[in-house]
Amino acid sequence: MRVKIADCLGICNGVRRALDIVEQALDACENNILYVYNEIVHNTFVINELKKRNVIFVHSVDEIPDGASVVFSAHGVSRDVEAAAKEKNLRVFDATCLLVKKNHRAVEQAFAENKRIIFIGKRTHTECVGTIGRVADGYCYIVENEKDVDLLPDFDDEVIVVTQTTLAMCDVENISSLLDRKYKNIKHLGGICFATYDRQNAIIKLAKECDLILVAGSAASSNSCRLVQIAEKCGINAQLIDSVDDVKNIDFSSYQCVGITAGASTPQEKIDELITFVQGI
Ligand code: SF4
């Protein structure tokens, strides 16, 4: 059985920066507890390692004592969260990825100019919650799939489209072309990030050479799940692997070539662990 590694895989600049900011915050906190609003990045191993170092993950600012230190995750936060942190006099370390921030600015500017905003994304994902929360409640129209486009009202004035950074390229292309057909006056600002594009293009290439692809990443990681989805769309069996324990039950006897890739939040040590294990089979 051959093992092939994707040309582009694993941790991206935004995740690396977020983890560096947590380290800086830990240093700055000395012996005090550090709070992180939402999972800093969506990876079980990373989260568990930080919990061992007294980092507390919260989903509400109410859970944080006044004056404590908090890191905002790479996925970004709403204006309400920023305001609540200020109200509680929290020391904030903002690890929002700069590409997510770019989307925040696009949404804020469109709102300031009173333009219609359509956000393509998963409504429960933290990045979506943070981005649409940059403007007034209910101002953004959220489109999760092609069916949602039919439900949108007709507008003659300008429509601004912003996209969650970690969606599948093919899904976004399909939704965007439907939106282009529906609205005459439409502008696409801010979309899938380079890291997501590069990892998705690499798995499409890998799918041509393999009959099974293992994607190192956690179920909460949008971009890792999209890699599995893309491999399956290419007709290849693909599995999300959170740890090597997930590989132990796979029967590899019928596979000629196994591909390995990893989502943008998967640390290199977890990728190396998976590669070593599969190469040893
Ligand atoms: S996947 Fe893209 S948007 Fe998310 S942290 Fe990485 S570079 Fe930033």
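Laboratory data are not the source of any read-out in this text; all were calculated from the coordinates shown. Predicted, not measured: the structure shown is a model, and the values here were computed from it. Quick reminder, even Gly has a Cβ in these numbers, built from the backbone with ideal geometry, and neighbours come from all protein chains shown.
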Qualifying residue in region 14-36 (condition: of a type in the set (D, E, K, R), crowded, with 17+ Cβ neighbours inside 10 Å and within 16 Å of the ligand (Cβ to nearest atom)): no
Whichever residue in region 37-57 is β-branched (V, I, T) and more than 12 Å from the ligand (Cβ to nearest atom) and, among such residues, is surrounded by the most Cβ atoms within 10 Å (Cβ to Cβ): V46
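Can you tell me which of I203, I142, I160 is surrounded by 15 or more Cβ atoms within 10 Å (Cβ to Cβ) and closer than 30 Å to K248 by Cα?
I203 is the lone residue from the list that is surrounded by 15 or more Cβ atoms within 10 Å (Cβ to Cβ) and closer than 30 Å to K248 by Cα.
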Subset of region 102-158 [under 21 Å from the mean Cα position of the chain (by Cα), aromatic (F, W, Y) and closer than 17 Å to R79 by Cβ]: F119
Pairs with Cβ under 7 Å, 6+ apart, first in region 176-199 and in a loop (DSSP other than H, G, I, E, B), second aliphatic (A, V, I, L, M) and near the ligand (Cβ under 10 Å from one of its atoms): C193/L99
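Here's the yes/no breakdown for (1) within 16 Å of the ligand (Cβ to nearest atom); (2) surrounded by fewer than 17 Cβ atoms within 10 Å (Cβ to Cβ); (3) more than 23 Å from A18 (Cα to Cα):
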| residue | (1), (2), (3) |
| --- | --- |
| T96 | yes, no, no |
| K102 | yes, yes, no |
| R105 | yes, yes, no |
| H125 | yes, no, no |
| T131 | yes, no, no |
| D154 | no, yes, yes |
| D180 | no, yes, yes |
Candidate set from region 206-230 (those that are more than 18 Å from the chain's Cα centre (by Cα) and surrounded by 24 or more Cβ atoms within 10 Å (Cβ to Cβ)); member that is farthest from the ligand (Cβ to nearest atom): C210
Long-range neighbours under 9 Å by Cβ, at least six apart or interchain, first residue without any contact (Cβ under 8 Å) to a residue 24 or more places away in the chain and small (G, A, S) within region 77-100, second exposed (fewer than 15 other Cβ atoms within 10 Å of the Cβ) and in a helix (DSSP H, G or I): A84/D62
Region 1-13 - residue that is hydrophobic (A, V, I, L, M, F, W, C) and under 23 Å from G76 (Cβ atoms) and, of those, farthest from the ligand (Cβ to nearest atom): I11
